[in-house]
Amino acid sequence: MEGLFNPDAKDLVAGAAGSTYAIPRLGIPSIVVADGPAGLRISPTRKNDNNTYYCTAFPVATLLASTWDTELIGNVGKAMGNEVHEYGVDVLLGPGMNIQRNPLCGRNFEYYSEDPLVTGKIASAMVNGVESEGVGTSIKHYAANNAETNRMALNVIAGTRTLREIYLRGFERVVKHAQPWTVMSSYNLINGTYASQNYDLLTKVLRDDWGFSGMVMTDWFGGKDPVAQVAAGNDLLMPGTPNQTKAILEGVKSGKVTVKDLDRNVTRILNLILQSPKFKGYKYSNKPDLKAHTLVARQAASEGMVLLRNVNSALPLPAEAKKVAAFGNSSYDIITGGTGSGDVNEAYSVSLVEGLQNAGFTINENLNALYSAYLKTAKEGKKKSRGFMMGSEPIAEFTINSDIAGSMANISDVALITIGRNSGEGYDRSPGEGDFQLTAVEKETMKVVADAFHAKGKKVVVILNVGGVIETASWKDIPDAILLSWQAGQESGNSIADILTGKVNPSGKLACTFPVRYEDVPSSKDFPGKVLAVTEVKDKKPENGGMPSFMNPKPAEDVYSEGIYEGYRYYSTFNVPVSYEFGFGMSYTSFEYSNLKLSSPKFSGKMTLTADVRNSGKSEGKEVVELYITAPAKSIDKPAIELKGFAKTRLLKPGETQSVVFEVTKDDLASFIPGISAWKADSGSYTVKLGSSSKEIRLTGSFILASDITVKKESQSLLPQVKINELKP
Ligand code: BGC
């Protein structure tokens, strides 16, 4: 959209999402902002220019969170930030950090987790990494932008506890721990007011309660009333339209916009510009070290893949298993990331079969030829792209019959089957076949391949090349192993091969739950909200006439009736069985936990927990240790468990032990009590649970909090206008 409304922008970075106006007479340059969460998004080529401007496609955010490794995320951020800096961009529009409330949100791949602590910690590491390169970030989309359907006008109706504990908590952590340069307000309304026009959200909560001192920008064309946006503390309207300028100028004349508010917003914009590389005159090279960043992308990808199943140590593949039959379209046409503004223009990507070949495997040529011919014909018959946001139409799986499967089983050592899914901005996923569910052809392929290979005593490995959660319960017992590779960026094939060969021992764990059925998801009844009948809508005017259909607002509302019982908080409290629980992930080795020590049996302001983790298996590996707490439910209901910390060990040799240390603060014990608008920790007995997942608790201990603590009073903000019947245990 560069240059669309800002004539100054056309000579800046091609393909960047936007820029600010320069005021040359005051020496104020135009600064450039560009997407997005999986790497910098700019045009790879330019008119009349033979140079290329490719960026590294890092793994999607969901994979990054599954590493549970803040140091590694910091390195990814540094590499991304370096590309931002060297390509002359000032602010990266990311990370995305909305809560994965429902598996079908089309942009979940841009977000980290269903849990606010994982989200907040991983996003803080990312922000610190990117900003260590001297450029800014824009944490987005603030807040409660958890669905894409009707995203420009969806009213999220949620209780204040739900907002504070789940949907705002990650943003709060990043603001306090990483001080991002900017925050991007979201498209949706919260309790009746657009996020970008919401004084409670942008001033009372963000600045007064949390101390944010940076700048707020809108999401592109977000909100409706520029006057209200100025007053709310939404400093910059992006990408900025002549109508908005007019409305603000008229507002100043009529007194609706105060000069004080304008000055405040302008000051924040200027402060941002003062920090920018552009203002400092940084001479960018247009030559970031893409080679070095490739290694970062490859390592991050293998660290965030999750081994979901591994019967009789099917993986790593034995050294003699060299002949591979690769089934599934995405074995040949790997999905490296999602679509929309979270996509990256990378120079190349490594498919699964290329990665395997690089690692010394032989790919069955007949099967390769069958799939390649099929994909070629299928692609020719489809529109290249279904518009800016959606990418190309998915191609139905090639049908594998028992003859093909049988002949492959005769001549191959192992079968790999990929299941691929893509999604992106502007659209939510479907709960049906071909998206959340497998298609009949996918199921049939898995069955005939497994029958044929198992009849020969050979193994079958499923690789899930997906950006978000899919149904696994009905078929997961068929293959010998399942590797959740996610959408792993441009090095996908190499990173998957690193895991299959055992060069890298998997250490990723789920930062989101895989439910048994979609209907088990607590928000499944409400998501993605209901469109309001015209009579229910006060203002019927379309707000963004002329925009593509996904940008056109259809007033709708979504009531967050599950309250704080989101993800594992719900499944663990209400004893709902899941297919793979939050925090789950296997390794080629095993770990023993011992020696849990609490610094005191009584909590007084702070508590330190330590425990030993020993590699009790035969190969070196890393373990993620998760700290859950069960709190007494005295003044308010509490989930059965809540994640309060996590640690990833270094690479431990067989027999080696590492101590992990957790600090528990009063913040970690407190819940938000709407009646007093404060965080409060109840006196009583707290149980600490160290687990290798949210279900596999290995060590428990307890401590006493002698008297109630009011941890922090907050502003009275974001009150719902209607009574919400929230779920309670
Ligand atoms: C997306 C943002 C993105 C912006 C600029 C919007 O449509 O929601 O995430 O940063 O476009 O490309």
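The values are calculated or read from the model by the stated rules, or taken from the named source; none is laboratory data. What you see is a predicted model; the values in this text were computed from it and never measured. Every residue, glycine as well, gets a Cβ built from its backbone with ideal geometry; the counts of neighbours run over all protein chains shown.
Each residue in region 171-187 was checked for being within 12 Å of the ligand (Cβ to nearest atom) and touching a helix residue (DSSP H, G or I) at 6+ places or on another chain (Cβ under 6 Å), and 2 of them qualify. Looking across region 438-466 at every residue that is under 30 Å from the mean Cα position of the chain (by Cα) and without any contact (Cβ under 8 Å) to a residue 40 or more places away in the chain, the one that is nearest to LEU510 (Cα to Cα) is identified as LEU438.
Residues to consider are LYS695, LYS666; find the one that is touching a strand residue (DSSP E or B) at 6+ places or on another chain (Cβ under 6 Å) and at pLDDT 95 or above. Quick ask: steps written out before the conclusion?
Numbers: LYS695 fails: touching a strand residue (DSSP E or B) at 6+ places or on another chain (Cβ under 6 Å).
After applying the criteria, what remains is LYS666.
Taken over region 410-437, the criterion of being within 21 Å of the chain's Cα centre (by Cα) and among the aliphatic types (A, V, I, L, M) is satisfied by ILE419 alone.
On the basis of being more than 16 Å from the ligand (Cβ to nearest atom), crowded, with 24+ Cβ neighbours inside 10 Å and among the polar types (S, T, N, Q), does ASN108 make the cut? Outline the logic, then answer.
On the way: more than 16 Å from the ligand (Cβ to nearest atom): no; crowded, with 24+ Cβ neighbours inside 10 Å: yes; among the polar types (S, T, N, Q): yes.
Criteria not met by ASN108.
What is the residue count in region 451-474 for residues that are surrounded by 18 or more Cβ atoms within 10 Å (Cβ to Cβ) and not in a strand (DSSP E or B)?
Here is the first cut: in region 451-474, the residues surrounded by 18 or more Cβ atoms within 10 Å (Cβ to Cβ) are 452-453, 458-472.
From what's left, not in a strand (DSSP E or B): 452-453, 458, 466-472.
Total meeting the criteria: 10.
VAL296 - would you say it is in a helix (DSSP H, G or I), buried (at least 19 other Cβ atoms within 10 Å of the Cβ) and touching a helix residue (DSSP H, G or I) at 6+ places or on another chain (Cβ under 7 Å)? Against the criterion (in a helix (DSSP H, G or I), buried (at least 19 other Cβ atoms within 10 Å of the Cβ) and touching a helix residue (DSSP H, G or I) at 6+ places or on another chain (Cβ under 7 Å)), VAL296 qualifies.
Can you confirm whether VAL344 is surrounded by 15 or more Cβ atoms within 10 Å (Cβ to Cβ), within 16 Å of the ligand (Cβ to nearest atom), outside any helix (DSSP H, G or I) and in contact (Cβ under 8 Å) with a residue 24 or more places away in the chain? Here the answer is yes, as VAL344 does meet what is asked. Set side by side, the residues SER313, SER372, SER285, SER349 differ, and just one is under 27 Å from SER113 (Cα atoms) and not hydrophobic (A, V, I, L, M, F, W, C), which is SER349. Only one of the listed residues (VAL84, VAL60, VAL76, VAL91) is among the aliphatic types (A, V, I, L, M), under 24 Å from the mean Cα position of the chain (by Cα) and within 13 Å of the ligand (Cβ to nearest atom). That residue is VAL91. Close contacts from region 284-299, counting a first residue that is within 12 Å of THR52 (Cα to Cα) and a second that is in a helix (DSSP H, G or I), with Cβ to Cβ under 6 Å and a gap of 6+ residues or different chains, come to PRO288/ASN82; PRO288/GLU83; PRO288/GLU86. Annotation: ASN422 fulfils all but one of (1) assigned by TED's automatic domain parsing to the domain that holds PHE327; (2) over 27 Å from ARG41 (Cα atoms); the unmet one is (2).
Scanning region 27-78 for residues that are in contact with a Lys or Arg (Cβ under 8 Å, 6 or more places away or on another chain) and hydrophobic (A, V, I, L, M, F, W, C) yields ILE31, VAL32, ALA34, CYS55, TRP68. Quick one: in region 20-69, which of the residues that are charged (D, E, K, R) and part of a loop (DSSP other than H, G, I, E, B) is nearest to GLY340 (Cα to Cα)? Ranking the candidates gives ARG41 first.
Those strands (runs of 3 or more DSSP E) of region 555-621 in which 3 or more residues are under 30 Å from ARG517 (Cα atoms) occupy 556-559, 578-580.
Scan region 147-156 residue by residue and report those that are under 19 Å from the mean Cα position of the chain (by Cα) and either farther than 19 Å from ARG429 by Cα or within 13 Å of the ligand (Cβ to nearest atom) (or both). Break it down into steps so the answer makes sense when it comes.
Taking region 147-156 first, the residues under 19 Å from the mean Cα position of the chain (by Cα) are 147-149, 151.
Within region 147-156, ALA147, GLU148, ARG151 meet the criteria.
Within region 389-421, the set of residues being in a loop (DSSP other than H, G, I, E, B) and closer than 27 Å to GLY36 by Cα comprises MET389, MET390, GLY391, SER392, GLU393, PRO394, ILE395, ARG421.
Here is a yes/no grid of residues against (1) over 26 Å from ASN595 (Cα atoms); (2) of a type in the set (Phe, Trp, Tyr):
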| position | (1), (2) |
| --- | --- |
| TYR628 | no, yes |
| GLY645 | no, no |
| ILE676 | yes, no |
| SER702 | no, no |
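Contact annotation: residue pairs with Cβ atoms under 8 Å, 6 or more positions apart or on different chains, pairing a residue in region 24-37 that is more than 24 Å from PHE58 (Cα to Cα) with a partner that is within 16 Å of the ligand (Cβ to nearest atom) and in a loop (DSSP other than H, G, I, E, B), are SER30/ASN6; SER30/LEU12; SER30/THR20; ILE31/THR20; ILE31/ASP90.
Conditions (1) crowded, with 24+ Cβ neighbours inside 10 Å; (2) in a strand (DSSP E or B), marked per residue:
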position	(1), (2)
TYR112	yes, no
LEU117	no, no
VAL127	yes, no
GLU133	no, no
ILE139	yes, yes
ASN146	yes, no
THR149	no, no
LEU163	yes, no
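Scanning region 167-223 for residues that are out of contact with any Gly (no Cβ under 8 Å at 6 or more places or on another chain), surrounded by 24 or more Cβ atoms within 10 Å (Cβ to Cβ) and either in a helix (DSSP H, G or I) or not assigned by TED's automatic domain parsing to the domain that holds ASN98 (or both) returns TYR167, LEU201, VAL205.
Of the numbered criteria (1) buried (at least 20 other Cβ atoms within 10 Å of the Cβ); (2) out of contact with any helix residue (DSSP H, G or I) (no Cβ under 9 Å at 6 or more places or on another chain); (3) not assigned by TED's automatic domain parsing to the domain that holds TYR686, the one ASN615 fails is (3). Figure legend. Inter-residue proximity from region 184-212: first residues aliphatic (A, V, I, L, M), second residues more than 16 Å from the ligand (Cβ to nearest atom) and part of a helix (DSSP H, G or I), beta-carbon distance below 8 Å, spacing 6+ or different chains. Indicated pairs: ILE190/LEU163; ILE190/LEU201; ALA195/LEU201; ALA195/LEU202; LEU201/ALA232; LEU202/ALA232; LEU206/VAL175. Filtering region 84-100 down to residues that are buried (at least 24 other Cβ atoms within 10 Å of the Cβ) and out of contact with any strand residue (DSSP E or B) (no Cβ under 9 Å at 6 or more places or on another chain), which residue is nearest to VAL32 (Cα to Cα)? Taking the candidates together, the pick is ILE99.
For the subset of region 283-329 comprising residues that are at positive phi and in the same structural domain as ASN366 (by TED's automatic domain parsing), which member is farthest from the chain's Cα centre (by Cα)? Show your work before the answer.
Our first condition is that a residue be at positive phi; within region 283-329, this holds for 286, 312-313, 328.
Subsequent filtering for residues that are in the same structural domain as ASN366 (by TED's automatic domain parsing) retains 312-313, 328.
Values: ASN312: 32, SER313: 30, GLY328: 25 Å.
That would be ASN312.
How about region 36-57: which of its residues are within 16 Å of the ligand (Cβ to nearest atom) and over 14 Å from the mean Cα position of the chain (by Cα)? Within region 36-57, LEU40, ARG41, ILE42, SER43, CYS55 meet the criteria.
Evaluated against (1) surrounded by 18 or more Cβ atoms within 10 Å (Cβ to Cβ); (2) of a type outside the set (A, V, I, L, M, F, W, C); (3) assigned to a helix (DSSP H, G or I); (4) under 29 Å from the mean Cα position of the chain (by Cα), ASN265 falls short on exactly one condition, (4).
Going by the structure shown, is THR362 hydroxyl-bearing (Ser, Thr, Tyr), within 16 Å of the ligand (Cβ to nearest atom) and not assigned by TED's automatic domain parsing to the domain that holds GLU83? Please lay out each step first, then the result.
Details: hydroxyl-bearing (Ser, Thr, Tyr): yes; within 16 Å of the ligand (Cβ to nearest atom): no; not assigned by TED's automatic domain parsing to the domain that holds GLU83: yes.
Here the answer is no, as THR362 does not meet what is asked.
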